[in-house]
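The values are calculated or read from the model by the stated rules, or taken from the named source; none is laboratory data. Remember, it's a predicted structure, so these values are computed and weren't measured experimentally. Here the Cβ positions follow ideal geometry from the backbone for every residue, glycine too, while neighbour counts run over all protein chains shown.
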Amino acid sequence: MSIDQKPSKPLGNKEGAIGSALIGLTRAEMRTRLGEDLGLSPAQAKMRSNQIWQWIYNFGVTDFAAMTNIAKEMRAKLSALYTLARPQMVERQVSKDGTRKYLLRFAPGIEVEAVFIPGVGRKGALCVSSQVGCTLNCTFCHTGTQNLVRNLTPAEIVGQVLACKDDIEEWPSSKVDRDLSNIVFMGMGEPLYNTQNVAKAIEIIADDEGIALSRRRITVSTSGVVSQMQALGETTQAMLAISLHATNDALRDELVPINRKHNLAELMEACRTYPGASNARRITFEYVMLKGVNDSLREARDLVRLLKGIPAKINLIPFNPWEGAPYQCSDWSQIEAFADIINRAGYSSPIRTPRGRDIAAACGQLKSDSVKIRASQLRKEKLGQE
């Protein structure tokens, strides 16, 4: 494991520059913003926004001065009005297995963790966060022990992707054989409690002239916010993952408390009607293996019955321990026997190899030190820095 704890400065158009962010705007929003702020005609605004979009998301530039197909005078105006700032990388850790964990700061008290896992998906997957903290209190998840601070904005979600691409030196986005091939919303927070911002971030990430990741390689995981699942599918066409972990309501009420609001029957019906779900676009069900809790062979058979009629893949996740956790990981032989029953029923049931455990970057281990800071305190801190 290697650790870089030296805080970096946020990257922008110039040190200390103050301007509105262009990162996080959709292409249409950027076009409108440029037209209004610079007095451009619709055709001019479209041309400029297309140029800037490609510089930000295809070439990864952090300074307007690098946008060489834009006139120098226009670059100066852009630099005065806007910022291309990245999140501040407070800490970067590299696991012995190559997994990279980033602690990213967006503002005082606003920090999240994101994890890049090589060799997952087509080439490598970035696990991004959608909230600072979480409200769900799933008993096996370390993130659930951190209170919710707030939702992340589209700029903050996309910023995690840009920070990772900077770190793995993956510019331009159009390069052949990219290492970042998949995005999974499986970091801190419940994405469907932030559906609008998640959807906007996906629109930016999937744009063909920028980061250009296929929507079929973007997966959003939910613990079961049934009321938002239809909207997510219709708006984003993203792949869906369900954080399941139990086959009956009594146990799931304990492990995943949102089940008390949306029980298994409601959740399964929402999965059956999820837009685009098919054998070619299967829903992934995540099932963390907890010794003596949910890992009996009877529960494996119950899981098969529960998912009947749903195009599904089941990811079995060995429990990743954290200090004070009330559970143990199932024995490997038990996990294999559990998987065998699911496989023989015709479902794909890979056992997820734990990655990044030595840097607490594995599934369910993410947690930052962010705390909710009152607005008055933030204003005082800002005044003290000026």
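Answer yes or no as to whether Cys164 is surrounded by 21 or more Cβ atoms within 10 Å (Cβ to Cβ), in contact with a helix residue (DSSP H, G or I) (Cβ under 8 Å, 6 or more places away or on another chain) and in the same structural domain as Ile204 (by TED's automatic domain parsing).
Considered against the rule, which asks whether it is surrounded by 21 or more Cβ atoms within 10 Å (Cβ to Cβ), in contact with a helix residue (DSSP H, G or I) (Cβ under 8 Å, 6 or more places away or on another chain) and in the same structural domain as Ile204 (by TED's automatic domain parsing), Cys164 comes out as no.
I need the full set of residues from segment 82-105 which are at pLDDT 90 or above and under 17 Å from Cys127 (Cβ atoms), in order please.
Selection gives Pro87, Met89, Glu91, Arg92, Gln93, Val94, Thr99, Arg100, Lys101, Tyr102, Leu103, Leu104.
Taking segment 263-302 only, how many residues are farther than 19 Å from Val226 by Cα and among the aliphatic types (A, V, I, L, M)?
7
How many residues does segment 47-76 hold that are part of a loop (DSSP other than H, G, I, E, B), over 24 Å from Cys164 (Cβ atoms) and hydrophobic (A, V, I, L, M, F, W, C)?
Going through segment 47-76 one residue at a time, the tally reaches 2.
What tally of residues in segment 201-223 results from selecting those that are out of contact with any Asp or Glu (no Cβ under 8 Å at 6 or more places or on another chain) and over 30 Å from Ser49 (Cα atoms)?
Going through segment 201-223 one residue at a time, the tally reaches 0.
Look through Val149, Val132, Val128, Val158 and report the one residue that is crowded, with 20+ Cβ neighbours inside 10 Å, touching a strand residue (DSSP E or B) at 6+ places or on another chain (Cβ under 9 Å) and modelled with pLDDT of 95 or more.
Just a single option satisfies the conditions, and that option is Val128.
Looking only at segment 324-335, which residues are under 17 Å from Ile351 (Cβ atoms) and among the aliphatic types (A, V, I, L, M)?
Across segment 324-335, the qualifying residue is only Ile335.
Residue-wise test of (1) at pLDDT below 95; (2) assigned by TED's automatic domain parsing to the domain that holds Ser221; (3) surrounded by fewer than 20 Cβ atoms within 10 Å (Cβ to Cβ).
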{"residue": "Ala325", "(1), (2), (3)": "yes, yes, yes"}
{"residue": "Gln328", "(1), (2), (3)": "yes, yes, yes"}
{"residue": "Trp332", "(1), (2), (3)": "yes, yes, yes"}
{"residue": "Phe338", "(1), (2), (3)": "no, yes, no"}
{"residue": "Ile341", "(1), (2), (3)": "no, yes, yes"}
{"residue": "Gly346", "(1), (2), (3)": "yes, yes, yes"}
{"residue": "Arg352", "(1), (2), (3)": "yes, yes, yes"}
{"residue": "Arg355", "(1), (2), (3)": "yes, yes, no"}
{"residue": "Gly364", "(1), (2), (3)": "yes, no, no"}
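(1) farther than 21 Å from Ile202 by Cβ; (2) surrounded by fewer than 16 Cβ atoms within 10 Å (Cβ to Cβ); (3) polar (S, T, N, Q); (4) in contact (Cβ under 8 Å) with a residue 60 or more places away in the chain: which one isn't true of Asn50, the others all being true?
(1)
Hey, can you tell me all the residues within segment 312-330 that are of a type outside the set (A, V, I, L, M, F, W, C) and either under 15 Å from Leu244 (Cα atoms) or out of contact with any strand residue (DSSP E or B) (no Cβ under 9 Å at 6 or more places or on another chain) (or both)?
Listed by number, the residues that qualify are Lys313, Asn315, Pro318, Glu323, Gly324, Pro326.
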